[in-house]
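Next up is a structure, given as structure tokens.
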There are 2 protein chains.
Amino acid sequence: MARSIAERKDLLPALTELFRAEGFEGVSLSSIEAASGLARGSLYHFFPGGKAEMATAVLADVEAWFHEHVIAPLENEPAERGIATMADAVETCFAGGRKGCVFAIFALAGKSQRFSEHLKRFFSTWQEALAGALLRAGQSPVAAQAAAEVLIGDLYGALVLSRAMDDPAPFGRALARLRAHHAALGTALA
Amino acid sequence: MARSIAERKDLLPALTELFRAEGFEGVSLSSIEAASGLARGSLYHFFPGGKAEMATAVLADVEAWFHEHVIAPLENEPAERGIATMADAVETCFAGGRKGCVFAIFALAGKSQRFSEHLKRFFSTWQEALAGALLRAGQSPVAAQAAAEVLIGDLYGALVLSRAMDDPAPFGRALARLRAHHAALGTALA
DNA sequence: GTCTATAAAGCGATAGAC
DNA sequence: GTCTATCGCTTTATAGAC
């Protein structure tokens, strides 16, 4: 295990993989030691607040990644291209359905509701940005808002199915729906 | 706390609420003692296999409930009515979006993959039954299969959003979509 | 069938040497 | 900045009285 870690952000990838896969309660300090190659004392050097601070850092990091790869394209690119960029980013982030979402598992786990501010902000920001793009694509404000909820929900429902079936195919099909039919989807379900 | 518990199945409601809300790792024997009103020794009297056996019993119990209130109606009632019955059952089971699904949180939590047989069976049985109803409603085999996945995914995606936003409305809207547009939905997204 | 007491292991967190 | 050792508590599970 590489032992050249010097910065807090170098730990975030390992932490993210752990929390997205096991949830907050499922991650132990021992598992973090094993995954990061750092001993307990070093982890507390970077995160004096312990496990809760590590989870918060992961949520903030994923949020920042989404802002760059999803929110900003939705806001700044032409609507059709912004949504295509979003699809690519989501596919990358969730490894095409082979990996989970830390926000999803935290949302379903009751004790993780101490992170509810992050959860609400993540999904509402995303929905707002997507609705904005659909608005610019010509949909009505009401329809755009509804379609954004349906499109994001479709991705997360498929993610649950893919994790449950241990098969990335459902998530892949949700991505295909997003790419091929997002306009029809939005109007058909409004 | 009532102390007249004499049967294993009397414990299942409390266990179900615990596991669906906190996930497997989030539930402790102490919390089960508090929720059930029974002491440790009594719990192990009913579930010698401990927490894992309790979780398995919950999964089997929810599965049985779904078989009665969802699967059987989908198989035995006319398609339209079977789907309407399914919508009512799902609304009841998840308290209109105010409560989670034990299969969903287990699906997202990596360590709960030891229950993967239950997870796969639950969702595949449901999808098969729903696809069968859509088939009888006149859809093609391929379209029925795809639409069943989309309809179930729509519900679970909305459940994630409702839990994340702490707002039952997204799940309520998914139920409304299921009830009002399930035929259009199935064909629009095939 | 229900309980208390306890064992053995793991938990998150801290202290302090280097 | 990294580490080991340890504290105090909680965990799951068991034993055995009633």
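Find all pairs meeting these conditions: Cβ atoms under 6 angstrom apart; at least six residues apart or on different chains; first residue within region A:37-53 and within 14 Å of another protein chain (Cβ to nearest Cβ); second residue of a type in the set (Lys, Arg) and within 6 Å of DNA strand D (Cβ to nearest atom).
none
Something else about it: Go through the residues of region A:121-134 one by one and say whether even a single one is out of contact with any Cys (no Cβ under 7 Å at 6 or more places or on another chain), polar (S, T, N, Q) and at pLDDT below 95.
Within region A:121-134, not a single residue is out of contact with any Cys (no Cβ under 7 Å at 6 or more places or on another chain), polar (S, T, N, Q) and at pLDDT below 95.
Just one of (1) away from chain A (no Cβ under 14 Å); (2) of a type in the set (Asp, Glu); (3) in contact with a Lys or Arg (Cβ under 8 Å, 6 or more places away or on another chain); (4) away from DNA strand C (no atom under 16 Å from the Cβ) trips up residue B:149, so point out which.
The number of the failed condition is (1).
Tell me which residues, restricted to region B:51-65, are of a type outside the set (Val, Ile, Thr) and closer than 17 Å to residue B:111 by Cα.
B:51, B:52, B:53, B:54, B:55, B:59
Looking only at residues in region B:26-76 that are within 8 Å of DNA strand D (Cβ to nearest atom) and among the hydroxyl-bearing types (Ser, Thr, Tyr), which one is surrounded by the fewest Cβ atoms within 10 Å (Cβ to Cβ)?
Checking each candidate, the answer is B:30.
Failed condition for residue A:7, given (1) at pLDDT 95 or above; (2) within 16 Å of DNA strand D (Cβ to nearest atom); (3) of a type outside the set (A, V, I, L, M, F, W, C), with all others met?
All conditions are met except number (1).
The values are calculated or read from the model by the stated rules, or taken from the named source; none is laboratory data. Here the structure is a predicted model, which means the values were calculated and not measured. Neighbour counts are summed over all protein chains in view; Cβ atoms, including those assigned to glycine, are modelled from backbone coordinates with ideal geometry.
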